[in-house]
1. What figure in square angstrom, to the nearest 10, would you give for the accessible area of F219 with a 1.4 Å probe?
2. Hey, can you rank 231-240, 196-205 by average C-beta count inside 10 Å, highest first?
3. If I take every Cα pair under 8 Å that is 6 or more residues apart in segment 216-286, average their sequence separation and divide by the length, what percent do I get for the relative contact order?
4. Sort 350-356, 60-66, 361-367 by packing, meaning the average of other beta carbons within 10 Å per residue, with the highest value first.
5. Give me the net charge for the shell around R205: Cβ to Cβ below 12 angstrom, other residues only, Lys and Arg +1, Asp and Glu -1.
6. Using a Förster distance of 30 angstrom, determine the FRET efficiency expected from the C-beta separation of L48 and L341, and round it to 0.05.
7. Place the peptides 220-226, 69-75 in order of packing, highest mean first, counting for every residue the other Cβ atoms within 10 Å and averaging per peptide.
8. Assign one of three labels to segment 186-256, namely rounded, prolate or oblate, based on the Cα gyration tensor with a ≥ b ≥ c the square roots of its eigenvalues; rounded applies when a/c is under 1.5, prolate when it is not and a/b is larger than b/c, and oblate otherwise.
Amino acid sequence: MRRRRVIAPNEPQTVPAQRRSTTTVAAAARANPFMFGLLGALGVLVALAIGGIVDQLATVLVYVGVALFLALGLDPIVRFIERRLPRAAAVTIVVAGVVLAFAGIILAIVPVLVEQIGNLIKDGPKMVEDFMESQWFKDVSGQFGTTIKDAAQGVLDFVQNPDNFLDIGGGVFAVGAGIAGGLTGITIVLILTLYFMASLRSMKRTAARFVPAYQRDTFSELLEDVSGAVGRYVMGQASLALINGVLSLIVLSIIGAPVPALLALIAFVGSMIPLVGTLTASIINSLICLFVSPVTALIAFGYYLVYMQIEAYVLSPRIMSRAVAVPGALVVIAAVAGGALGGILGALVAIPVAASIIIIVQKVVFPAQDRKKAPPVMSAP
């Protein structure tokens, strides 16, 4: 039989500090509710001010995030070169290679894109007219009524007016400002990437200083695993995207697709987003090929079907074998959620973030749960 402790009349009763503080706040609220409401309103105003500051700095935060993402992606190459050269030289070589590759892509693709887009604007009405005069279009219009014909006529009327293309971009000045802003953003991202690559190790050591000393070794190991997985994933996905872009340029040029350089760029950007991006870019490119002829569109779609099978079962397992395996369902969910939150950049970053979460769960959450062999002991009141 458990004995109850009897408190003497003169014995002082101790009240826990947390209970005392709660009681004090409640008493203050009852004594002066205006002051309590004022403090709550000030807290809301501070939260709104912080949210406004973050919204104003959204572009800067995007630049920093993209630069850090690229630095982690290029770090495996830096480590490989670092085996033979100092890190400063390795960083310089990698950055110089990236700048030269970027400049080469611009010099090789931009003039072709400008020429092909100009030809598309000039020949667009003729392409739409030929499409509407084709026997295939007449058969489809005869089966489904005038809806498709009216839609095609609307597209023709839109394409025949070049001012509509400027209206999409917001006018000549808006397009020029957008191009200038894009070049400025790319320059800032490249400079930040250079600094992040040069100081990546010191950044990791500084981050470890925020963790208690007895947990720093585990935290540093986890940080290395996460950064390594992100780097391997970025390099692997960029390799797959490059393969898809080059093969798309070759195949689409052979079959006579319109603006093959632009379609290859769409395929490259789409392949950076696994599963969802490759399929979406393939459908877009096939639909654009429909303006040439249904046969061209079918050939393009057939090529992409074959390529997606080869990528899924041959290329991706070989290239991504060292990266973290992300379940297919999680890839789709992460890509859709990232695209909804941050557009194309959000979709690009979503998969490495999901891979990092998987590493944290595998290295931290699961071992902590495995160490719990018995239920917690409940202390007697």
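1. 60 Å²
2. Details: 231-240: 20.9, 196-205: 16.0.
Ranked from most to least packed, the peptides come out as 231-240, 196-205.
3. Details: 50 pairs, mean separation 18.8, N = 71.
Rounded, it is 27 percent for segment 216-286.
4. Working: 350-356: 21.9, 60-66: 15.3, 361-367: 12.0.
Peptide ranking by packing, descending: 350-356, 60-66, 361-367.
5. On the way: positive: R201, K204, R209, R216; negative: E224.
In short, +3.
6. Working: r = 21 Å, r/R0 = 0.69.
According to the calculation, E is roughly 0.90.
7. On the way: 220-226: 15.6, 69-75: 23.0.
Top of the packing list down: 69-75, 220-226.
8. Values: a/c = 6.64, a/b = 2.43, b/c = 2.73.
Oblate.
The values are calculated or read from the model by the stated rules, or taken from the named source; none is laboratory data. What you see is a predicted model; the values in this text were computed from it and never measured. When we count neighbours, we look across all protein chains shown, and the Cβ atoms used for this are built from the backbone with ideal geometry, even at glycine. Each accessible area value is taken on the protein alone, full model and side chains, heavy atoms only, with ligands, DNA and RNA left out. Shrake-Rupley method; radii C 1.70, N 1.55, O 1.52, S 1.80 Å.
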